[in-house]
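Here is the structure we will look at, set down as structure tokens.
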Amino acid sequence: MSKNILLVSGDGIGPEIMLEARKVLDVVDAKFGLDLQFDEALVGGAAIDATGVPLPEESLAKAKASDAILFAAIGGPKWDNLSANLRPEQGLLGIRKHLDLFANLRPAILYPQLAEASSLKADRVAGLDILIVRELTGGIYFGQPRGIRVNDSGDREGFNTYVYSEPEIRRIGRVAFEAARARGGRVCSVDKANVLEVTMLWREVMTDLAKEYPDVQLSHMLVDNAAMQLVMRPKQFDVMVTGNMFGDILSDTAAMLTGSIGMLPSASLDKNNKGMYEPCHGSAPDIAGQNKANPLAMMLSASMMLRYTFGEVAAADAIEAAIGNVLDQGLRTGDIYSEGTTMVSCVEMGDAVVAALQNA
Ligand code: NAD
């Protein structure tokens, strides 16, 4: 059966890394007989330039009709001064919301070949393997009311609403507990239950849910402590589960422990495992168009897509093994370069992964 994949190349380095991921997908498609069908859509800055809005109806319709979405990155200084509802990131937030992609899975794995690239001492991070499960369609990023208004003193004030319903907490909790079952059997739920009522409820619901998973060990941690622990003793964590905003920040912190945000994929899934797959990084406008971007997170996102939405485990394993192979060869883009390794461009890295796949 054909697998319909929507490609969103987006802005900045997005089109460059998407081209490399596509090369890799074409190889595994032929090698494993996957029957991948590709379509493309404009989202973000590119869509604003072409249509005036970050998520045109046509792009949303294509996203809904596809089996999976492979999304590069959007945004950049060109669109920074637009009003909030017209900014590029509304394209991404819109897809997540309309497709109800409520579970964001962000692995932070340190490749042994890159232990030196971490900002922490190698012994603190070697073997790091954390999965951050972030709630993605609720919380303060979506809560109503929100806006900027003039208050009673005549001053402007900005306001947002941090809200989670019990079913929202329960369904993201389930994703975390299920994931922990297939990994190290531990969930750390991160909240700010000493201050925020919304996370007092979060903690209560997670504790109740844990009764259904007696084989999984649940702990709780306040978000400020979690940030500290992540950079002090990161290997203590197996699965971390948290809300949208805390997850946004903690997953970027975890990303940096691994040495490069250019190595980290992510998946956003709905209740049927339909998903959007994207690198954790943004559109890196500082290096866009210079053939310097690391395409590996984009390729790893493609491999997560094959694994989680399509169940094509052998093809996903082949991509990950090929990436391990090029790292063993000492090939590095600028962001993961260290002395004694060979600096390559985005295209050269793509070619090397393709060659490793073909020679496997
Ligand atoms: P960023 O992730 O784009 O860049 C942060 C730093 O990491 C930069 O120095 C960049 O050069 C580097 N970097 C990122 N990806 C890399 C890669 N693949 N290879 C090599 N180096 C890489 O974050 P930012 O600078 O905060 O944001 C830039 C733009 O991206 C903004 O407009 C922001 O809104 C947008 N953004 C988009 C997404 C998304 O599309 N999901 C996520 C975050 C930020």
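What is the ratio of the Cα radius of gyration of the chain to 2.2 N^0.38 Å, where N is its residue count, to two decimals?
Values: Rg = 20.3 Å, N = 360, 2.2 N^0.38 = 20.6 Å.
Compactness ratio reported: 0.99.
Note on 71, 177, 159: ascending count of other Cβ atoms within 10 Å places them as 159, 177, 71, the fewest first.
Ranked by how many other Cβ atoms sit within 10 Å of their own Cβ, fewest first, the residues 248, 328, 152 fall in the order 152, 328, 248.
The Cα center of region 119-134 and the Cα center of region 199-244 differ in position by 16 Å. Oblate is the label for region 124-169. Its Cα gyration tensor axes, ordered a ≥ b ≥ c, give a/c of at least 1.5 and b/c at or above a/b. Peptides 54-64, 260-270 ranked from most to least packed by the mean count of surrounding Cβ atoms within 10 Å: 260-270, 54-64. Put a plus charge on the Cβ of each Lys and Arg, a minus charge on the Cβ of each Asp and Glu, and nothing anywhere else: the dipole of region 220-360 about its Cα centre is then about 200 debye.
For the peptides 112-118, 134-140, 38-44, the ranking by packing is 134-140, 38-44, 112-118, with the highest mean count of neighbouring Cβ atoms within 10 Å listed first.
Could you work out how far the C-alpha centroid of region 1-15 sits from that of region 281-360, in angstrom? So the two Cα centres are separated by 16 Å. Phi-derived couplings, Karplus 6.51 cos²θ - 1.76 cosθ + 1.60 at θ = phi - 60°, listed residue by residue for region 32-41: 10, x, 7, 6, 7, 10, 10, 10, 10, 8 Hz, with x used for Gly and Pro.
For residue 189, the residues whose modelled amide H falls within less than 5 Å of its own, excluding neighbours fewer than 5 places apart on the same chain, are 219, 220, 221, 241. Under 26 Å of direct C-alpha separation, and excluding same-chain neighbours fewer than eight residues apart, residue 192 reaches these lysines: 97, 211, 235. Residues 206, 298, arranged from fewest to most other Cβ atoms within 10 angstrom of their Cβ, appear as 206, 298. Placing a label point 7 Å from the Cα of residue 58 along the Cα-to-Cβ direction, the residues of region 92-112 whose backbone N falls under 20 Å of that point are 92, 94-95. Under a model in which nothing but the beta-carbon of Lys, Arg (+1) and Asp, Glu (-1) is charged, region 129-257 shows a dipole of about 300 debye around its Cα centre.
According to the square roots a ≥ b ≥ c of the eigenvalues of the Cα gyration tensor, what is the shape class of region 273-329, taking rounded for a/c under 1.5, prolate for a/b larger than b/c otherwise, and oblate for the remainder? Provide the component values of the computation, followed by the final result.
Working: a/c = 3.90, a/b = 1.37, b/c = 2.84.
Oblate, since a/c reaches 1.5 and b/c is not below a/b.
Rounded to the nearest whole Hz, the Karplus-based 3J(HN,Hα) values (6.51 cos²θ - 1.76 cosθ + 1.60, θ = phi - 60°) of region 136-143 follow the sequence 10, 10, x, x, 5, 6, 10, x, with x at glycine and proline. Converting phi to 3J(HN,Hα) with the Karplus coefficients 6.51, -1.76 and 1.60 and the offset θ = phi - 60°, region 160-170 yields 9, 10, 9, 9, 9, 8, 4, x, 4, 5, 5 Hz in sequence order, with x at every glycine or proline. Centre-to-centre, using Cα atoms only, region 25-96 and region 167-188 are separated by 29 Å. How would region 232-360 be classified by its alpha-carbon gyration tensor: rounded, prolate or oblate, with rounded meaning a/c under 1.5 and the a/b versus b/c comparison settling the rest? Oblate shape, in that a/c is at least 1.5 and b/c is the bigger or equal ratio. Restricting to DSSP H runs of at least four residues, report the calculated mean residue ellipticity at 222 nm for the chain, -39500 (n - 2.57) per run over all residues, nearest 500 deg cm²/dmol. It comes out at -12500 deg cm²/dmol, rounded to the nearest 500.
All of the numbers you see were taken from the coordinates with simple rules; none came from a lab. Keep in mind it's a predicted model, so treat the numbers as computed, not measured. Note that we place each Cβ from the backbone using ideal geometry, even for glycine, and neighbour counts take in every protein chain shown.
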